[in-house]
Amino acid sequence: MTAAAVLSPGFARARGGVTDHTRRLLVHWQARGVLARVIETPAELAGAREPVLVQYVPFLYGRRGLAPGLERAVSAARAAGVRVTLFVHEPWVPPTRLPWLVLSPLQRRQLRRLARVADAVVTPVPAWRALLPAASELLYVGSTLGPAPAATGGPQFEAPLVFSPFASGLSWPWILAAEAAVGSTGLVIVGATWADARARGLALPERARSWQWLGRLPSAGALAALARARLVLAPYADGLTGRRTAALAALSTGARVVSSTGPLSDPVFAGGPVELAGNAAAFSRLAAERWAAPDDTGARAERRAWFDREFDPNRLDARLLAIVQGTAA
């Protein structure tokens, strides 16, 4: 039996995209007969004997996103004959705030040093490949919520849906403008309650209290809700990228998604069924047009088929396993 390990800090306790990705990898790799396990700290790399995938987001390894011990651990593992692959989910914080003017260059240096000592480097965002070694590979994450339901499981919602309302970069001013343009009965919110939104300081009008707040749902429940959405609103400051798992989960159900372009926009979405807007006015116009236009099961099936071609998780995880084990062509 072959083996592989995943370095995923805080796996036993953390929630979020990286943890969900690691969990999916374990399921798919073990189904292929691989003895797969998780290690949670760089220090545990010293005991590894199998190939290791390092899940990399700077802040997984320290409050300031700086982890000098990680480079040492990777170098030591490689010196001991262990193959190490670096999966760069996010490279570094952008220098948009005063503390980050210092942290961003340090994190950039850290990532480049890590990339030099790793055997292979993978990223899910095309724009980030320019920051990494020339041999780095583009490999999407896709949805980490599991398989979408085969049927909608209920009537479509009577309002557009927003999933994961606290996602980084999600533009609520665009969403509020689109809600007004659509002229629906408000919004359906998956991933929070009204009390959650108030506690997080989300700037919403008082009428938002009457929206349909479904709260934090388990993966199957979130997918079931997305399958009932007539329209999903998902504008992001940097565009729709390979790491926006909320929008990708919606696409996996065949839902209509109106999103945005930005510095990290991915060409794969421009050729797909996603409606992309470059500014708030265009976003509202597209939302209103798609909300008014009829949708049918055939169109939804076509969107699901597109998602499966581009982001099938079994294929993605098999490819990543081959890279980790050094057998990829």
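From the list Thr144, Thr152, which one is closer than 21 Å to Ser259 by Cβ and outside the structural domain of Ala208 (by TED's automatic domain parsing)?
Thr144
Out of everything in the stretch 2-38 that is among the aliphatic types (A, V, I, L, M) and within 19 Å of the chain's Cα centre (by Cα), what residue ends up being farthest from Tyr140 (Cα to Cα)?
Taking the candidates together, the pick is Ala14.
Say whether the condition of being over 21 Å from Thr253 (Cβ atoms), out of contact with any Pro (no Cβ under 7 Å at 6 or more places or on another chain), in contact (Cβ under 8 Å) with a residue 40 or more places away in the chain and not hydrophobic (A, V, I, L, M, F, W, C) is met by at least one residue in the stretch 182-200.
yes
Restricting attention to the stretch 201-217, report how many residues are in a loop (DSSP other than H, G, I, E, B), surrounded by fewer than 17 Cβ atoms within 10 Å (Cβ to Cβ) and in contact (Cβ under 8 Å) with a residue 24 or more places away in the chain.
5
In the stretch 18-77, what count of residues is obtained for those that are touching a Lys or Arg at 6+ places or on another chain (Cβ under 7 Å) and modelled with pLDDT under 95?
Looking only at that region, the number is 1.
Regarding the stretch 152-170, can at least one residue be identified that is part of a helix (DSSP H, G or I) and in contact with a strand residue (DSSP E or B) (Cβ under 9 Å, 6 or more places away or on another chain)?
No, every residue in the stretch 152-170 fails to be part of a helix (DSSP H, G or I) and in contact with a strand residue (DSSP E or B) (Cβ under 9 Å, 6 or more places away or on another chain).
Counting just the residues of the stretch 270-329 that are in a helix (DSSP H, G or I) and among the polar types (S, T, N, Q), which one comes out surrounded by the fewest Cβ atoms within 10 Å (Cβ to Cβ)?
Within the stretch 270-329, the match that is surrounded by the fewest Cβ atoms within 10 Å (Cβ to Cβ) is Thr297.
Pull out all pairs, ordered by first then second residue, where Cβ-Cβ is under 6 Å, the residues are six or more apart or on different chains, the first lies in the stretch 84-100 and is free of Cβ contacts under 8 Å to residues at least 12 places away in the same chain, and the second is of a type outside the set (D, E, K, R) and in a loop (DSSP other than H, G, I, E, B).
So the pair list comes out as Trp100/Val93.
Go through the stretch 1-93 and tell me which strands (runs of 3 or more DSSP E), entirely inside it, have 1 or more residues that are buried (at least 22 other Cβ atoms within 10 Å of the Cβ), touching a Phe, Trp or Tyr at 6+ places or on another chain (Cβ under 9 Å) and of a type in the set (Ser, Thr, Tyr).
52-56
Only one residue in Ala282, Ala293, Ala299, Ala288 is assigned by TED's automatic domain parsing to the domain that holds Gly186, within 23 Å of Leu145 (Cβ to Cβ) and more than 23 Å from the chain's Cα centre (by Cα). Which one?
Ala299
Could you say which residue among Ser184, Ser252, Ser168 is closer than 22 Å to Glu289 by Cβ and assigned by TED's automatic domain parsing to the domain that holds Ala301?
The match here is Ser184.
How many residues are surrounded by 15 or more Cβ atoms within 10 Å (Cβ to Cβ) and either aromatic (Phe, Trp, Tyr) or part of a loop (DSSP other than H, G, I, E, B) (or both) if we restrict to the stretch 218-230?
Of the residues in the stretch 218-230, 3 are surrounded by 15 or more Cβ atoms within 10 Å (Cβ to Cβ) and either aromatic (Phe, Trp, Tyr) or part of a loop (DSSP other than H, G, I, E, B) (or both).
Applying the selection to the stretch 171-196, what residues are in a loop (DSSP other than H, G, I, E, B), out of contact with any Lys or Arg (no Cβ under 8 Å at 6 or more places or on another chain) and of a type in the set (A, V, I, L, M)?
Leu187, the sole residue that qualifies.
When only residues in the stretch 115-126 that are among the aliphatic types (A, V, I, L, M) and over 22 Å from the mean Cα position of the chain (by Cα) count, which is nearest to Arg72 (Cα to Cα)?
Applying the filter and picking the extreme gives Val117.
Would you confirm, using the coordinates I've provided, whether Gly69 is at positive phi and either of a type in the set (S, T, N, Q) or outside the structural domain of Pro263 (by TED's automatic domain parsing) (or both)?
Taking the combined requirement at face value, the residue does not satisfy it.
The values are calculated or read from the model by the stated rules, or taken from the named source; none is laboratory data. As the structure is a prediction and not an experimental result, all values here were calculated from the model. Note that each Cβ is placed from the backbone with ideal geometry, even for glycine, and that neighbours are counted across all protein chains shown.
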